[in-house]
1. Enumerate the strands (runs of 3 or more DSSP E) found wholly within the range 1-98, keeping only those where 1 or more residues are of a type in the set (D, E), in contact with a strand residue (DSSP E or B) (Cβ under 7 Å, 6 or more places away or on another chain) and closer than 30 Å to R211 by Cα.
2. Within the bounds of the range 177-190, is there any residue that is more than 23 Å from F3 (Cβ to Cβ) and aliphatic (A, V, I, L, M)?
3. Of these, D60, D24, D37, D90, which one is acidic (D, E), more than 17 Å from the chain's Cα centre (by Cα) and either farther than 29 Å from S136 by Cβ or modelled with pLDDT of 95 or more (or both)?
4. For the range 35-72: of the residues being of a type in the set (G, A, S) and under 28 Å from K7 (Cβ atoms), which is surrounded by the fewest Cβ atoms within 10 Å (Cβ to Cβ)?
5. Within the set of pairs 6 or more residues apart or between chains, which connect a residue that is assigned by TED's automatic domain parsing to the domain that holds I103 inside the range 247-270 to a residue that is surrounded by fewer than 10 Cβ atoms within 10 Å (Cβ to Cβ) and at pLDDT 95 or above with Cβ atoms less than 6 Å apart?
6. Please give the number of the condition G150 fails out of (1) modelled with pLDDT under 90; (2) under 29 Å from F222 (Cα atoms).
7. Looking at (1) assigned to a helix (DSSP H, G or I); (2) more than 26 Å from A58 (Cα to Cα); (3) of a type in the set (K, R), can you tell me which one R127 breaks?
8. With in the same structural domain as G168 (by TED's automatic domain parsing), within 19 Å of F3 (Cα to Cα) and without any contact (Cβ under 8 Å) to a residue 40 or more places away in the chain as the only criterion, which of R120, R110, R127 stands out?
Amino acid sequence: MEFNLKKDLCFFDVEATGLHVIRDRIIQIAIKKFFADGRPVATYDQLINPGIPISQEAMDITGITPADLRNKPTFIQVAKDIFDFIGNADLAGYNSNRFDIPILMEEFARAGYDFSLDGRRSIDVQRIFYRMEPRSLKAAHRFYCGEEMGNSHNALDDVEATVAVLRGQLARYEGVDLVDDEEYMEAPVKNDVIALHEFTNDPKMLDVTQRLKYDHQGEVIFNFGRYLGRSVKEVLRDDRDYYHWILKKEFSVQVKSIVKKIYETIDVGE
């Protein structure tokens, strides 16, 4: 099944030194770009020297060691290539909303590139799978594609599997309603990037790390810490030190950018 695209779509996956999207660094990135105009699919696959130690757990999972990366470029050296390859394409991945997208945004920010999600839709294939058939990527590939996948911790293999899984999901859930104890949705899985974006993303959340969200009145509130549930604008107006604390701590560039914009709207005379 071919994807119904009005805009280019990049499936991507990263392997990293660990699981912390701010402290850890990318050691491999693989991308498959599907073009809305029907051009042949383009592939980008690159090992990256992270400049910091790789956790033993990451080495055990990926099989990538410091020796494999010793002569590879740093992210800063390949940032322009990756930035240009993705362009203004929409994004797709497996667990990409919680890990791959935020860690990529952090790497771009350190390299001096503003990789914005504004106007860019994202499809998290894991969210479709977990909401429709809770399983892992390996099980998803077996379930939707009827075969075993390759090395599940090689980025390019994971990208290939994710592409195949989404195709399988589109075929399997065509016309299928989501019905459970909490919600009903009429045929939510469609061959349409906008519909898949809306199905795999929580509209209440402002950032991919889910630190900020909208309340039922549309007010931006904190989703963590001592000001959990409190209006961001009111907190920053009453506690200016908290604003500076956020900027200094390990919050994502997306969170800091949103907080800065809200802070700039506060009247100093308030």
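1. On the way: elements: 9-16, 26-34, 42-47, 90-93.
The qualifying strands (runs of 3 or more DSSP E) are 9-16, 90-93.
2. Of all residues in the range 177-190, those more than 23 Å from F3 (Cβ to Cβ) come to 179-184.
Next cut, aliphatic (A, V, I, L, M) only: 179.
Within the range 177-190 (the criterion being more than 23 Å from F3 (Cβ to Cβ) and aliphatic (A, V, I, L, M)), the answer is yes, since at least one residue qualifies.
3. Values: D60 fails: either farther than 29 Å from S136 by Cβ or modelled with pLDDT of 95 or more (or both); D24 fails: more than 17 Å from the chain's Cα centre (by Cα); D90 fails: more than 17 Å from the chain's Cα centre (by Cα).
The unique qualifying residue is D37.
4. Start the filter on the range 35-72 by keeping residues that are of a type in the set (G, A, S), which leaves 36, 38, 42, 51, 55, 58, 63, 67.
Imposing the further condition that a residue be under 28 Å from K7 (Cβ atoms) reduces the set to 36, 38, 42.
Numbers: A36: 15, G38: 8, A42: 13.
Across the range 35-72, the extreme among qualifying residues is G38.
5. The qualifying pairs do not exist here.
6. (2)
7. (2)
8. On the way: R110 fails: within 19 Å of F3 (Cα to Cα); R127 fails: without any contact (Cβ under 8 Å) to a residue 40 or more places away in the chain.
Just one listed residue meets the conditions, R120.
The values are calculated or read from the model by the stated rules, or taken from the named source; none is laboratory data. Quick caveat: nothing in here was measured; it's all calculated off a predicted structure. For neighbour counting, all protein chains shown are included, and Cβ atoms are generated from backbone atoms with ideal geometry for every residue, glycine included.
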